[in-house]
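The values are calculated or read from the model by the stated rules, or taken from the named source; none is laboratory data. The shown structure was predicted, so the numbers you read here are calculated from the model rather than taken from an experiment. We place every Cβ from the backbone using ideal geometry, glycine too, and count neighbours over all the protein chains shown. Surface accessibility is based on the protein's heavy atoms, side chains included, excluding ligands, DNA and RNA. Shrake-Rupley method; radii C 1.70, N 1.55, O 1.52, S 1.80 Å.
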Amino acid sequence: MENALYARHLETLLRRYRVALDEFKLDAIVIAAGTLSYYFKDDNSHPFKAFSFAQQWLPFDLPAGSYVVIKRDKPELIWPAKQDFWHMLNAIPEGEWQHHWLITPADSNAWTSSLPNKVAYLGPASLPEYTQHESLYTWLAFDRAIKTPYEIACLEEATRVATLGHHAAQQAFSQGASEFEVHLAYLAATQQDASETPYPNIVGINEHAAVLHYEQKSRQRPFRPLTLLVDAGASHHGYASDITRTTTLLNDDFAALVEGMDTLEQHIVSQAVTGTSFVELHYQTLAGVARLLNQHGICRLSVEEQLIKHIPQYFFPHGLGHLLGLQVHDVGGKQHSAKGDIVDSPKESPFLRLTRPLQENMVITIEPGLYFIPMLLDKMRAEQPQHGCDMEKIESLLPYGGIRIEDNIVIHTETPRNLTREAFSKIN
């Protein structure tokens, strides 16, 4: 089944690229996976991740030094075959995928001499005679927002693996684990090394749950564990999942707030269908956050008054979500045409990463949040003296940090598919 999906995926990519060959009057497109990069003045390399436009073509993780060449016939994979006694030679993966490709092992760049004259190059600068063709990159980025069934299957598997990690993380937290121990439990359950995760795991306990990109991991077990926020994913053939869960151990006001946020998140997910404006969904989420603030006695102003004064943005400063795929924040989110027409984020929500109308088979995240961030609370008091917020109650909630709930969603015409909830439902 996976080979059939992959074969159709390849047909779709070839169709897209042949249109691009015609549009830009090209004979070939060369896509570089990239080469190893190194820490400054060091011979130790960074973990390698292939350039996403190259990775999209193959059903396995591409190694450094590989290239994809697209002409009008069979695609060609240039495979790095330089002899090196320091490292294990990358073996060409076996499988039915090989039937669809010309495979050329290469120990130098001599293969470039057989390229035609009209060639466009995409990727990191690893061939000195070629530079990135930006207009072609933009053209291809637009279509990448629409996922093939093969890509959706890869994202489904990445989501399944990540939910195993989230389940293990929650269990570790309930047993008093430190942030670092929760992180290790997540990695063990997903069978990933830290360098293999699509982004550094965010594991925040208590106040640290209010740091949106918290990457430190305390090794000290919390004296009074209140909240765990884990934002972490997994990878499959280069495709990334991106899931956040917030766990609390007490049955108190904050737990009720978490439950309210979960209800809001699922409501917003239900609205994410073909043709919907994602910007409008973001506005609906801001109204939902305002409603939670009012219902839980955090802000006495009405929803309408809060929206006029932008009160929700002090508690929910980031965007509702983003495209998901080969990159966690996948390309083309603000692009409204293949030629690169951009629609910027609304002025009052500058961090919104997706402004395109939703289309069939886009895969996105929906990730509303509500945080108690001292810096933003100070800003609110300075900018909105009549904020209507109960600062005494907010002070009592500061130790909990905040809430984020994030699911991975496939867009369809009538009912979106929630990959994350599907995967969690299958965990015993």
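The condition of being of a type in the set (Asp, Glu), under 22 Å from ASN294 (Cβ atoms) and open to solvent by 10 Å² or more (accessible area, probe 1.4 Å) does not hold for GLU422.
Listed by first and then second residue, the pairs linking a residue in the stretch 117-141 that is touching a residue at least 12 places away in the same chain (Cβ under 8 Å) and outside any loop (DSSP other than H, G, I, E, B) to a residue that is among the hydroxyl-bearing types (Ser, Thr, Tyr) and open to solvent by 10 Å² or more (accessible area, probe 1.4 Å), with Cβ atoms under 6 Å apart and 6 or more places separating them unless they lie on different chains, are TYR121/TYR130; LEU122/TYR137.
What do you reckon, is TYR239 buried (at least 17 other Cβ atoms within 10 Å of the Cβ), among the aromatic types (Phe, Trp, Tyr) and either out of contact with any Phe, Trp or Tyr (no Cβ under 7 Å at 6 or more places or on another chain) or in contact (Cβ under 8 Å) with a residue 60 or more places away in the chain (or both)? Break it down stepwise before answering.
Details: buried (at least 17 other Cβ atoms within 10 Å of the Cβ): yes; among the aromatic types (Phe, Trp, Tyr): yes; either out of contact with any Phe, Trp or Tyr (no Cβ under 7 Å at 6 or more places or on another chain) or in contact (Cβ under 8 Å) with a residue 60 or more places away in the chain (or both): yes.
Yes, satisfied.
Can you tell me which residue is surrounded by the fewest Cβ atoms within 10 Å (Cβ to Cβ) among those in the stretch 367-391 that are acidic (Asp, Glu) and touching a Gly at 6+ places or on another chain (Cβ under 9 Å)? Please lay out each step first, then the result.
Initially, the stretch 367-391 is screened for residues acidic (Asp, Glu), giving 367, 378, 383, 390.
With the extra rule that they be touching a Gly at 6+ places or on another chain (Cβ under 9 Å), the set shrinks to 367, 390.
Details: GLU367: 22, ASP390: 16.
The residue in question is ASP390.
Beta carbons closer than 6 Å, at least 6 apart along the sequence or on distinct chains, pair a first residue in the stretch 13-24 that is touching a residue at least 24 places away in the same chain (Cβ under 8 Å) with a second that is in a helix (DSSP H, G or I) and surrounded by 14 or more Cβ atoms within 10 Å (Cβ to Cβ) for ARG16/ASP143; ALA20/TRP139; PHE24/LEU136.
Return a yes/no flag: does the stretch 163-175 have any residue that is within 19 Å of VAL230 (Cα to Cα) and assigned to a loop (DSSP other than H, G, I, E, B).
yes
If only one of LEU62, LEU36 is part of a loop (DSSP other than H, G, I, E, B), within 22 Å of CYS154 (Cβ to Cβ) and either open to solvent by 20 Å² or more (accessible area, probe 1.4 Å) or at pLDDT 95 or above (or both), which one is it?
Numbers: LEU36 fails: within 22 Å of CYS154 (Cβ to Cβ).
Among LEU62, LEU36, only LEU62 is part of a loop (DSSP other than H, G, I, E, B), within 22 Å of CYS154 (Cβ to Cβ) and either open to solvent by 20 Å² or more (accessible area, probe 1.4 Å) or at pLDDT 95 or above (or both).
Yes or no, residue by residue, for (1) acidic (Asp, Glu); (2) at pLDDT below 95; (3) surrounded by fewer than 12 Cβ atoms within 10 Å (Cβ to Cβ); (4) outside any strand (DSSP E or B):
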residue: HIS9; (1), (2), (3), (4): no, no, no, yes
residue: VAL30; (1), (2), (3), (4): no, no, no, no
residue: ASP73; (1), (2), (3), (4): yes, yes, yes, yes
residue: TRP86; (1), (2), (3), (4): no, yes, yes, yes
